[in-house]
Amino acid sequence: MQGIRRFFPASPKGWEYDLVYKRIRHIYFRIYPDKKIVRISAPSQITPQTLERAIQAKSAWLMEKMNALGNVPLPSNPWPAMKDSCSCMVWGRQRPVVRGALNSRPGICLTTESEIIIRVPSDFDAKKEETLWNRWLRSLLTERIQILLEKWQPVMGVEPSEVRLKKMKTRWGSCNTIVRRIWINAVLVHLEPCLLEYVLVHELVHLLEPGHTKRFYQIMETYLPDWKIKESRLNQIALRQCLSN
Ligand SMILES: [Zn+2]
């Protein structure tokens, strides 16, 4: 099947095609901008003629994508943008953002296929859309914090007076032990759920032991024996960078 490569359309400098045969029913084209590879997955039973036609039909689109993506400098930050125009990180996974038709009210939802669908009127301005995003992301956090509180409060025997959300530049969470109020950094909605859990448990431990004393870490160890892994993971994340987008 090596001869099949003659079907490949020309590609911009540095880009390569990669053809794989799989037990699938349809042809798929995937673009890996970081490796500059276009991967074509084709059914193993496909005839060369059908494959050629399918590739030809896609060639203009492929060329356009490769040219556009080839000019984008690779980010030096190993973390993807928490949110941009075409994707959003939610619970540690980068999810494509799809614009759906407006049925009734503007809204955002996460589909079972892990896509985010946003429905807004065509005259919706950027500021209103930002507000909608913030409200939605906060609702995801609030919902999960509630579940975590129901899990941890009875185990730890503590109950904060309230848990509030805030975008913070320097901390993942904080606890006012006098009024028993916990603040959680709203950025945590973008990261793996276990990191939110770690931050919340850390702040709940402060209700038992206000300072970062030996006893504090002993309690931490009891409830979350792998807390150090979570902590070092959070330390790797540039919080300021998360907030810049
Ligand atoms: Zn602390």
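The values are calculated or read from the model by the stated rules, or taken from the named source; none is laboratory data. It should be emphasised that the depicted structure is a prediction, and the values quoted were computed from it without experimental measurement. Cβ placement follows ideal geometry from the backbone for every residue including glycine, while neighbour counts extend to all protein chains displayed. When the accessible area is computed, the model is the full protein with side chains, heavy atoms only, and any ligands, DNA or RNA have been set aside. Shrake-Rupley method; radii C 1.70, N 1.55, O 1.52, S 1.80 Å.
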(Q) Considering only residues that are more than 20 Å from the chain's Cα centre (by Cα) and farther than 21 Å from Pro225 by Cα, which ones fall in region 176-201? (A) Asn176, Thr177, Ile178, Val179, Arg180, Arg181, Ile182, Trp183
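Select from region 25-47 the residues that are open to solvent by less than 50 Å² (accessible area, probe 1.4 Å) and at pLDDT 80 or above and write down the one among them that is farthest from Ala68 (Cα to Cα).
As a first pass, look at region 25-47 and keep what is open to solvent by less than 50 Å² (accessible area, probe 1.4 Å): 27, 29, 31, 37-38, 40-43, 46.
From what is left, the residues that are at pLDDT 80 or above are 27, 37-38, 40-43, 46.
Values: Ile27: 23, Ile37: 14, Val38: 13, Ile40: 19, Ser41: 22, Ala42: 25, Pro43: 28, Ile46: 30 Å.
Within region 25-47, the match that is farthest from Ala68 (Cα to Cα) is Ile46.
The rows are residues; the columns are (1) assigned to a loop (DSSP other than H, G, I, E, B); (2) exposed (fewer than 12 other Cβ atoms within 10 Å of the Cβ); (3) in contact with a helix residue (DSSP H, G or I) (Cβ under 6 Å, 6 or more places away or on another chain).
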| residue | (1), (2), (3) |
| --- | --- |
| Ala101 | yes, yes, no |
| Ser104 | yes, yes, no |
| Ile108 | no, no, yes |
| Ile117 | no, no, no |
| Asp123 | yes, yes, no |
| Glu130 | no, yes, no |
| Trp136 | no, no, no |
| Leu141 | no, no, yes |
| Gln146 | no, yes, no |
Q: Among the residues of region 153-193, write down those that are hydrophobic (A, V, I, L, M, F, W, C), surrounded by 18 or more Cβ atoms within 10 Å (Cβ to Cβ) and within 16 Å of the ligand (Cβ to nearest atom).
A: Val163, Trp172, Cys175, Ile182, Trp183, Ile184, Leu188
Q. Has region 224-243 got at least one residue that is in a helix (DSSP H, G or I), away from the ligand (no atom under 16 Å from the Cβ), closer than 25 Å to Thr131 by Cα and at pLDDT 95 or above?
A. no
Q. Given (1) at pLDDT 95 or above; (2) closer than 18 Å to Glu231 by Cα, where does Thr170 come up short, assuming only one miss?
A. (1)
Q: May I ask you to list pairs of residues, at least six apart or on different chains, whose Cβ atoms are under 7 Å apart, with the first in region 17-30 being closer than 15 Å to Pro48 by Cα and the second being open to solvent by 40 Å² or more (accessible area, probe 1.4 Å) and part of a strand (DSSP E or B)?
A: Val20/Arg39
Q: Go through (1) in contact (Cβ under 8 Å) with a residue 60 or more places away in the chain; (2) within 16 Å of the ligand (Cβ to nearest atom) one by one and return the number of the condition Gly92 breaks.
A: (2)
**Q.** Subset tally (residues that are away from the ligand (no atom under 12 Å from the Cβ) and either open to solvent by less than 10 Å² (accessible area, probe 1.4 Å) or at positive phi (or both)) for region 194-222
**A.** 2
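The rows are residues; the columns are (1) under 26 Å from Gln236 (Cα atoms); (2) outside the structural domain of Leu207 (by TED's automatic domain parsing).
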{"site": "Met82", "(1), (2)": "yes, yes"}
{"site": "Gly107", "(1), (2)": "no, yes"}
{"site": "Thr112", "(1), (2)": "no, yes"}
{"site": "Ser122", "(1), (2)": "no, yes"}
{"site": "Ile147", "(1), (2)": "no, no"}
{"site": "Lys166", "(1), (2)": "yes, no"}
{"site": "Asn185", "(1), (2)": "yes, no"}
